[in-house]
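Colleague: Input: one structure, supplied below.
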Amino acid sequence: MRFLRLALVIIASLLPTQIALAPSALAQDAATPAVQAAPAVPAGPVTVQVGAYILRIKDVVQKDGSFTVDMWTWFRWKDGNVKPYETFEISNGRIENKSEVSLARDGDMNYASLRVEATVFHDYDVKHYPMDDHFLAISIEDQMATIDQIVYAPDPNTAMDPGVNVPGWAVKLAAPTVLDHVYPTNYGLLSSAAASSYSQLNFNVELHREGFGPLFKQFWIAGLSVLLGLLAFKVRATDLDARFGLGVGSIFAASANAFVISDSLPQSTVITMAEQINFLAIGTIFLCVAMSIFSLRLCYLGKDDQSERLDARAMAVIGIGYVVLNVAIVALSL
């Protein structure tokens, strides 16, 4: 009995301690998951440096409003929770090919590089064609992260290969630019905001025409047609086949040149410099034919001397006027 009573006393003395300890232990266990579940809240959007080395620019097609770029692109950032090399896009074009991504650590930064070939769309301003300059932009955006999550910054090491050549233009790499690109739509997702903003980085390329070679190549046929139309004044007005054959043939040649120009340009309501020059050529040849008809009528009236004087004056005045008006058109367009 004494042993049983002693055992009960010992058990009774131990029970309060166990009960007292249990709540604190449970509280500690409950507190531990709460500390682990709290994620680190970023101070702001992740800054991603983006750079490029442009290898080639080709297929600059003004009629289609596009060009092709081949370049190495790289990304540098610190936050390991984002993968900008997987979610970027060419927002004003489409990526045709991508190489395998090369990942590395660059000091305290994450680094990724890959080669990209893309078709980029561009609205060419052809008002001054064929003496037109262009400012091409290759726009990069993250297709998943808004400006609150990722902000682009240009890498100062962005460059262009010295061998880049675009026929007809001198090529120059301008400074990259970054802007906020706002899309004023929720894409039909009613739970989203009415608009979203993305960081957009632009690699800018300038194309400049050099010299008057493109102008000469485009209009030597039109100039030759006008010259033949003027030389018709050296043929007697009564020699109908030679006199009017030169004029009519010249009009057809200038008209064919107009079709060639139209086929190389996009649809536009703007009258380009090329079209102005070609219209002037056709109008000049038509004026030569009209004066030839008037000169022929003088011959029919027996006024051969007046016909010859008219031909000489018409050839000089129309020829000088054609040159002056061409110079004016070019000067006003440049």
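Colleague: Mind listing whichever residues of segment 135-174 are aromatic (Phe, Trp, Tyr) and surrounded by 15 or more Cβ atoms within 10 Å (Cβ to Cβ)?
Modeller: Answer for segment 135-174, where residues must be aromatic (Phe, Trp, Tyr) and surrounded by 15 or more Cβ atoms within 10 Å (Cβ to Cβ): Tyr152, Trp169.
Colleague: If I filter segment 185-192 for residues that are at pLDDT 95 or above and β-branched (Val, Ile, Thr), do I get at least one hit? Before you say what the answer is, go through the steps one by one.
Modeller: Keep residues of segment 185-192 that are at pLDDT 95 or above, which gives none.
No: segment 185-192 contains no residue that is at pLDDT 95 or above and β-branched (Val, Ile, Thr).
Colleague: Checking Gly249 against (1) under 19 Å from Gly319 (Cα atoms); (2) buried (at least 20 other Cβ atoms within 10 Å of the Cβ): exactly one of these is not met. Which one?
Modeller: Among (1) under 19 Å from Gly319 (Cα atoms); (2) buried (at least 20 other Cβ atoms within 10 Å of the Cβ), Gly249 violates only (2).
Colleague: Suppose we filter Ala237, Ala232 for residues that are part of a loop (DSSP other than H, G, I, E, B) and touching a residue at least 60 places away in the same chain (Cβ under 8 Å); which single one remains? Let's see the steps before the verdict.
Modeller: Working: Ala232 fails: part of a loop (DSSP other than H, G, I, E, B).
Every option except Ala237 fails the conditions.
Colleague: Just checking, how many residues over segment 302-334 are farther than 15 Å from Thr284 by Cβ and either of a type outside the set (Lys, Arg) or in contact (Cβ under 8 Å) with a residue 60 or more places away in the chain (or both)?
Modeller: Looking only at that region, the number is 14.
Colleague: Right, Glu96: in a strand (DSSP E or B), within 18 Å of Ile147 (Cβ to Cβ) and either at pLDDT 95 or above or in contact with a strand residue (DSSP E or B) (Cβ under 7 Å, 6 or more places away or on another chain) (or both) or not?
Modeller: Numbers: in a strand (DSSP E or B): yes; within 18 Å of Ile147 (Cβ to Cβ): no; either at pLDDT 95 or above or in contact with a strand residue (DSSP E or B) (Cβ under 7 Å, 6 or more places away or on another chain) (or both): yes.
Taking the combined requirement at face value, the residue does not satisfy it.
Colleague: Out of segment 221-262, which residues are closer than 15 Å to Leu280 by Cβ, of a type outside the set (A, V, I, L, M) and more than 37 Å from the chain's Cα centre (by Cα)?
Modeller: Hits for segment 221-262 are Gly229, Ser250.
Colleague: Give Asp132, Asp148 a once-over and let me know the one that is part of a loop (DSSP other than H, G, I, E, B) and either hydrophobic (A, V, I, L, M, F, W, C) or more than 30 Å from Glu275 (Cβ to Cβ) (or both). Write out each step before concluding.
Modeller: Numbers: Asp132 fails: either hydrophobic (A, V, I, L, M, F, W, C) or more than 30 Å from Glu275 (Cβ to Cβ) (or both).
Testing whether each residue is part of a loop (DSSP other than H, G, I, E, B) and either hydrophobic (A, V, I, L, M, F, W, C) or more than 30 Å from Glu275 (Cβ to Cβ) (or both) leaves just Asp148.
Colleague: Pairs, please: C-beta under 9 Å, at least 6 apart or cross-chain, first residue assigned to a strand (DSSP E or B) and in segment 155-173, second small (Gly, Ala, Ser)?
Modeller: If the second residue must be small (Gly, Ala, Ser), the pairs left are Ala159/Gly51; Ala159/Ala52; Met160/Ala52; Leu173/Ala159.
Colleague: Given Thr284, Thr269, which one is hydroxyl-bearing (Ser, Thr, Tyr) and either part of a helix (DSSP H, G or I) or buried (at least 17 other Cβ atoms within 10 Å of the Cβ) (or both)?
Modeller: None of the other options fit; the residue is Thr284.
Colleague: Tally the residues that are assigned to a loop (DSSP other than H, G, I, E, B), surrounded by fewer than 18 Cβ atoms within 10 Å (Cβ to Cβ) and under 22 Å from the mean Cα position of the chain (by Cα), restricting the search to segment 185-220. Explain how you work it out, then say what you get.
Modeller: Step one: list which residues in segment 185-220 are assigned to a loop (DSSP other than H, G, I, E, B), which gives 185-195, 209-212.
Narrowing further to those that are surrounded by fewer than 18 Cβ atoms within 10 Å (Cβ to Cβ): 185-195, 210-212.
Subset that is under 22 Å from the mean Cα position of the chain (by Cα): 210.
Looking only at that region, the number is 1.
Colleague: From the set of residues in segment 106-132 that are modelled with pLDDT under 95 and of a type in the set (D, E, K, R), which is surrounded by the most Cβ atoms within 10 Å (Cβ to Cβ)?
Modeller: My answer is Asp132.
The values are calculated or read from the model by the stated rules, or taken from the named source; none is laboratory data. Every value quoted in this text rests on a predicted model; they were computed, and no experiment measured them. Ideal geometry is used to build each Cβ from the backbone, glycine not excepted, and the neighbour counts take in all protein chains shown.
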